[in-house]
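Undergrad: Quick one: the structure is below, questions incoming.
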Protein chains: 2
Amino acid sequence: MARPQRRTVRDIRRGNRAVLLRTLYFSGPTSRNDLTARTGLSAATVSTMTADLLGENIVVEAGQVESDGGRPRVLLRVNPEYGFAVGVDVAETHVRVGLFDLEMTERAKVDYMLRPARHDPELIARHILAGVEVVLSDAGVSPEQVLGIGVGVPGIVEPGADGVIHAKTFGWDGVPLGALLRRGTSLPLFVDNGAKTMGQAELWFGSGRGASEAVIVLLGVGVGATIVADGTTFRGVSSSAGEWGHTKIVANGRPCRCGGRGCLEAYVGIEAILDRAGVTSRGDWEEDLAGVLASKSPVVEETVTYLGVGLANLVNLINPEKIVIGGWVGVQLGESLLPDIRRATAANSLAEPYAATSIVLGRLGPDAVALGAATLVLEEFLNAPQVARITAAG
Amino acid sequence: MARPQRRTVRDIRRGNRAVLLRTLYFSGPTSRNDLTARTGLSAATVSTMTADLLGENIVVEAGQVESDGGRPRVLLRVNPEYGFAVGVDVAETHVRVGLFDLEMTERAKVDYMLRPARHDPELIARHILAGVEVVLSDAGVSPEQVLGIGVGVPGIVEPGADGVIHAKTFGWDGVPLGALLRRGTSLPLFVDNGAKTMGQAELWFGSGRGASEAVIVLLGVGVGATIVADGTTFRGVSSSAGEWGHTKIVANGRPCRCGGRGCLEAYVGIEAILDRAGVTSRGDWEEDLAGVLASKSPVVEETVTYLGVGLANLVNLINPEKIVIGGWVGVQLGESLLPDIRRATAANSLAEPYAATSIVLGRLGPDAVALGAATLVLEEFLNAPQVARITAAG
DNA sequence: CATCTTAGTTCAGAGGCGAAAACAAGCACC
DNA sequence: GGTGCTTGTTTTCGCCTCTGAACTAAGATG
């Protein structure tokens, strides 16, 4: 019942161009010949289209491969310097702005510390805009070369151009961050939830690479998930899908900071773990967690069990091909306990879907949020590589 | 990261033809003029394409509409007799075979009772094949007019041509029902889980109509869900997505017939409800449930709470636009308790996604499984209306 | 240097869509 | 009844895209 969508000859070209570009991007240096095989397009089409792309400098040659007794193939690749993407991570304690080339290599970055409870939207918007200028000049990149700015933020982001955000922990209720930023830049903007941008990063460049049905869970202070269906992030009707942390695993259980009871986050969020272990934090949660893990406290096993229940619910409901456990708590737990987590998940899920799922640890560090935000720009670029970009003064 | 898919000029035609046909199907009698507006296609294209469809008898004229001062519009509609679809419901106690025209009006049906614990796959395949012959001759339809056979079965159906089924309650583990049926017919076959076909029916013709992000839950002996993302059923990597009944809502809770503990089904499945209410069934579960509901037993309220938790988890995780409660237990509960169910759901879900969701009762009765199965055929027809159908002897 | 092999380009042809002109079919009003 | 007006549908024509096949390019081999 997907909505009807007419097509015209031009869409074909656009679509095939995107197909070609994606193939080129993900298969690395490739010859035209290979491209015909991989895309199913005719050699003629590949030839004319690559000629276009070369002419636009989106694609560049990358050496040759000898063949035994014939004309050597010329390798082609996406020009990593054709454009750049800015990725921004708006977090509790800092705003980080990174500049990435098309290969998602970080070219420059800058951090702005936030004083606790100073989450004035205007201030954050100013930090972001200043950060963009800084990374551009640091890397010697002009604004015209920037394809867009991706921003990962906490909370729920309304779909729509204004990037309206609801983030309880920030005290933001209906903050139009997108609109605020647009006052200071006319570059394309992409605002999304930080857990989702992290998920996107793991999906494209981390442990989730290649999976088309996957869940990337984020365990940290908060607990969330990115659900990937058919290769794209599933957002639900109002972009809030994936609020795994507040699904209930114990009806009427422990109170959670969301106001509910029995939420998964109330068992496996860092605060909940420390609380249940009776640890009074001295400020360094990572160290505290390491202490708990080393202590062989029964809380560890319980945590694994609860996490297993939460993961099993995903296995049963979503039937993913892969579950990636990310977030610093997730990685710290997983490093020593992954087999136990798998066991706990198996114990609580149906045999068929469990057998179809592999549970792995995330591979990208805490920079994944900014990287994923930049990936939003990359995604747009690969889907609709514009010939004429709207250039704009930063 | 959706897989690349090349396109050629011919695909456009196919796609636009499908767009046109879907619009025609769902917007009822429509003029060519309206179609240009609704589809976005040019008048020229609509004209030639409808001419084709009229020529193939897929579309027929349906009267005229006067206009004030101009040429009257000729109304067009999909010819409900262009073809027929068979829908089969394979249930615990019976096999039902129905014949539907393209408007999904039931033209004939036949039931075969199953002796308890007589779920021999061969027998069931024979029933289905016999049933097809019966409904065809009852309705005076020849096999050439049948577009396909849809079958709704319990359990997990592997993706693939053989329709391999794993259904614990049937004692089926790897039964290739599709292959068995293909021995007796060469009509196109579509085998799917019965909860999913029911979901499909509610989505297309019941309370879910028009929703593009939805969940249709089935409460009966078993408990399951159909997750609809972007208008189509979400299946996960091995077609088992939607096993909501065995998600855990009470870690380490009541034992469930799946072998696990604390499953939703162990609280809101009919057997669980009766068990918790201390009712020893005399065979008529519907009556038993009515008794429990009338008794004002605290079990009723508990059940509503547990159901609310289960639904809230869907709200948080999936963020659907609509949740349809179906299945006979669901409808029986919902008729008197829907407001309470909504309240219980609200109490356990986050405010934003809850506000975006409407929770409604299913509208289709127990025949929805067979109807939904037939809808699989319809869906195929609307997506790829073949000019030359492969006709086959039944 | 003739021949073989493989890679890439060019060209003609088929099929698709849209804009606009042409045609069709009513109404209204003199 | 004729003439113009309005609206719906069809036809014509030009442009775009893809593909298959012929053709060119570039190296290996003996």
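Undergrad: Out of the residues in the stretch B:315-359 meeting the condition of being open to solvent by less than 60 Å² (accessible area, probe 1.4 Å) and of a type in the set (D, E, K, R), tell me which one is nearest to A:K196 (Cα to Cα).
TA: Result: B:K322.
Undergrad: Something else: Kindly evaluate A:I273 against the criterion of being touching a residue at least 12 places away in the same chain (Cβ under 8 Å), assigned to a strand (DSSP E or B) and within 29 Å of B:L264 (Cβ to Cβ).
TA: No, not satisfied.
Undergrad: Now a separate question. Can you tell me which residue is nearest to the other protein chains (Cβ to nearest Cβ) among those in the stretch A:34-51 that are surrounded by fewer than 16 Cβ atoms within 10 Å (Cβ to Cβ) and more than 7 Å from DNA strand D (Cβ to nearest atom)?
TA: Only one residue tops the list, namely A:A37.
Undergrad: Which strands (runs of 3 or more DSSP E) does the stretch A:51-148 wholly contain that include 3 or more residues that are closer than 25 Å to A:P366 by Cα?
TA: Numbers: elements: A:59-65, A:73-78, A:84-90, A:94-101, A:106-113.
Qualifying strands (runs of 3 or more DSSP E): A:84-90, A:94-101, A:106-113.
Undergrad: What are the residues in the stretch A:152-170 that are out of contact with any strand residue (DSSP E or B) (no Cβ under 8 Å at 6 or more places or on another chain) and in a loop (DSSP other than H, G, I, E, B), if any?
TA: Scanning the stretch A:152-170 gives A:P159, A:G160, A:A161.
Undergrad: Let me ask something else about it. For the stretch A:326-342, check the following and say yes or no: at least one residue is assigned to a loop (DSSP other than H, G, I, E, B) and more than 8 Å from every other protein chain (Cβ to nearest Cβ).
TA: For the stretch A:326-342, residues assigned to a loop (DSSP other than H, G, I, E, B) and more than 8 Å from every other protein chain (Cβ to nearest Cβ): present.
Undergrad: Scan the stretch B:14-33 residue by residue and report those that are open to solvent by 40 Å² or more (accessible area, probe 1.4 Å) and touching a residue at least 12 places away in the same chain (Cβ under 8 Å).
TA: B:R14, B:P29, B:R32, B:N33
Undergrad: Let me ask something else. Does any residue of the stretch B:285-296 turn out to be open to solvent by less than 50 Å² (accessible area, probe 1.4 Å), part of a helix (DSSP H, G or I), more than 8 Å from chain A (Cβ to nearest Cβ) and β-branched (V, I, T)?
TA: Step one: filter the stretch B:285-296 for residues open to solvent by less than 50 Å² (accessible area, probe 1.4 Å), giving B:288-293.
The next check asks that each one be part of a helix (DSSP H, G or I); those that pass are B:288-293.
Then drop every residue that is not more than 8 Å from chain A (Cβ to nearest Cβ), which leaves B:288-293.
With the extra rule that they be β-branched (V, I, T), the set shrinks to B:292.
Among the residues of the stretch B:285-296, at least one is open to solvent by less than 50 Å² (accessible area, probe 1.4 Å), part of a helix (DSSP H, G or I), more than 8 Å from chain A (Cβ to nearest Cβ) and β-branched (V, I, T), which makes the answer yes.
Undergrad: Now for a different question. Name every residue in the stretch A:193-239 that is surrounded by fewer than 24 Cβ atoms within 10 Å (Cβ to Cβ) and assigned to a helix (DSSP H, G or I), in order of residue number.
TA: Matches in the stretch A:193-239: A:W204, A:F205.
Undergrad: If we keep just the residues of the stretch A:243-253 that are part of a loop (DSSP other than H, G, I, E, B) and facing chain B (nearest Cβ under 7 Å), which is surrounded by the fewest Cβ atoms within 10 Å (Cβ to Cβ)?
TA: As a first pass, look at the stretch A:243-253 and keep what is part of a loop (DSSP other than H, G, I, E, B): A:243, A:247, A:249, A:251-253.
Add one more test, that the residue is facing chain B (nearest Cβ under 7 Å), and what stays is A:243, A:247, A:249, A:251.
Details: A:E243: 29, A:T247: 31, A:I249: 31, A:A251: 22.
Going through the qualifying residues, I end up with A:A251.
Undergrad: Search the stretch B:55-102 for residues being hydroxyl-bearing (S, T, Y) and closer than 30 Å to B:T197 by Cβ, and hand back the single one that is most open to solvent (accessible area, probe 1.4 Å).
TA: B:T93
Undergrad: Which of the residues belonging to the stretch A:245-270 are within 17 Å of A:A167 (Cβ to Cβ) and touching a strand residue (DSSP E or B) at 6+ places or on another chain (Cβ under 9 Å)? Before the answer, list the steps.
TA: So the first thing to find is which residues in the stretch A:245-270 are within 17 Å of A:A167 (Cβ to Cβ), and the list is A:245-246, A:256-259, A:265, A:269.
Residues satisfying the conditions are A:G245, A:H246, A:C256, A:R257, A:E265, A:G269.
Undergrad: Also: Taking the stretch B:254-274 as the region of interest, how many residues are small (G, A, S), surrounded by fewer than 21 Cβ atoms within 10 Å (Cβ to Cβ) and within 8 Å of chain A (Cβ to nearest Cβ)?
TA: Residues flagged as small (G, A, S), surrounded by fewer than 21 Cβ atoms within 10 Å (Cβ to Cβ) and within 8 Å of chain A (Cβ to nearest Cβ) within the stretch B:254-274 amount to 0.
The values are calculated or read from the model by the stated rules, or taken from the named source; none is laboratory data. Source: prediction; values computed, not measured. Cβ coordinates were reconstructed from backbone atoms using ideal geometry, including for glycine residues, and neighbour counts include every protein chain displayed. Heads up: the accessible areas ignore ligands, DNA and RNA and are worked out on the full protein's heavy atoms, side chains in. Shrake-Rupley method; radii C 1.70, N 1.55, O 1.52, S 1.80 Å.
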